[in-house]
Amino acid sequence: MDTFRGLALEVTDVDRAAGFYRDRLGLSVETTQLADEGTADTHGWDAPAAATVAIGSATLTLRRPTGYPRGGVHTHYALSVPGAAFGAWRDRLAGLNPTEYALGDGLRSLYVDDPDGHCVEFAATGTGGSDPVVTGAFEVAIEVRDLDRSAAFYRDLGFTEIDRGDDRVRVRGPIDLELWRPRLGIADGRAGVHVDLAFGDADPAARVDPVRDAARRVRGAGDGTVVVDPDGHHLSIDPA
């Protein structure tokens with residue numbers, strides 16, 4: 001895959017969730033969609049009410065569970081922030097009881113839970129000034145049943161395995177995916193269930209050919225392709 005375009009999370013109250021990301025985290029809530037239930041979105045699924053949040057060049061979608069695909073539940077994901085802005089982020093998140101963790105090689109992260117139990121990590125991996133901004137997303141944790149099966153699936157999609165433990169595998173593409181067996185991570189973060197991810201690729205149909213037999217479902221969607229992986233995670237791949 002060439003680019004990471006977005007992550008969708010399931011929330012119970014779109015206005016509450018959007019307010020948290022806008023007012024407490026200071027992110028830009030770009031649009032709010034109030035689609036009628038039963039209408040089709042661009043990928044042919046039922047379109048639920050949603051808010052979208054800018055996370056660098058990608059989009060975070062906050063979606064009620066009123067159709068398919070559902071957004072991820074209790075999903076840990078990581079955002080890049082400028083190293084020079086880490087102190088400003090610590091101040092901004094102070095009222096949310098953040099967990100601060102040093103990951104080695106000078107990397108520091110802050111973890112907070114949003115109102116729907118998603119564990120948001122802010123990692124000082126980006127460049128830039130001292131203003132508390134988000135420069136992008138670099139990691140999403142997804143729950144899988146069989147590590148070897150899932151690692152092979154994502155390798156066939158073009159990801160590279162870069163790390164492995166007893167209950168986790170990390171694969172790298174335009175974003176890192178942490179494939180976790182059920183477990184608790186730092187700050188009790190959990191891997192998401194039925195996560196919805198969006199990517200861009202020069203040739204979506206050719207990209208998914210190696211996984212057609214292993215996927216639960218593959219379908220065309222306009223010029224793109226939607227893949228459901230063996231654990232029910234949805235991957236929308238549109239032309240880059």
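FYI, it's all coordinate maths here, none of it is from the lab. As the structure is a computational prediction, the values presented were derived from the model and not from experiment. Please note: Cβ atoms are built from the backbone with ideal geometry, for glycine as well, and neighbour counts cover all protein chains shown.
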Item checked: Sum of -39500 (n - 2.57) over DSSP H runs of 4+, divided by residues of the chain (222 nm, nearest 500) -> -3000 deg cm²/dmol
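With the convex hull built on the Cα atoms of segment 114-219, state its orientation-averaged projected area in nm². Mind dumping the intermediate values first?
Working: hull surface 33.9 nm².
Convex hull of Cα atoms, orientation-averaged projection: 8.5 nm².
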Notebook entry, point to check: Quick one: putting +1 on the C-beta of Lys and Arg, -1 on the C-beta of Asp and Glu, what dipole do you get for the chain around its Cα centre, in Debye to the nearest 20?
Noted result: 220 debye
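Sort VAL14, VAL144, VAL208 so the one with the fewest other Cβ atoms within 10 Å of its own Cβ comes first.
With the fewest neighbours first, VAL14, VAL144, VAL208 line up as VAL14, VAL208, VAL144.
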Margin query: Quick check on the exposure proxy: order SER236, SER130 from fewest to most C-beta atoms within 10 angstrom.
Written below: SER130, SER236
Checklist line | 5 angstrom amide H check on ALA221, placed H, neighbours 5+ away | finding: VAL226
Note to self: Treating only the Cα positions of the chain as identical point scatterers, give the base-10 log of I(q)/I(0) from the Debye formula at each q in 0.07 Å⁻¹.
What the structure shows: -0.21
Checklist line | Fewest-first ranking of LEU96, LEU157, using other Cβ atoms within 10 Å as the exposure measure | finding: LEU96, LEU157
Notebook entry, point to check: Going by average Cβ neighbours within 10 Å, how do the peptides 216-222, 162-168 rank, with the highest at the top?
Noted result: 216-222, 162-168
Notebook entry, point to check: When DSSP assigns beta bridges and you keep just the ones with both residues in the chain, what percent turn out antiparallel, to the nearest 5?
Noted result: 70 percent
Next item on the list: Take every DSSP beta bridge with both residues inside segment 133-236 and express the antiparallel ones as a percent of the total, to the nearest 5.
Entry: 65 percent
Margin query: Only Cα pairs within less than 10 Å get springs; with that Gaussian network setup on the chain, which residue of ILE186, ILE142, ILE55 has the largest fluctuation?
Written below: ILE186
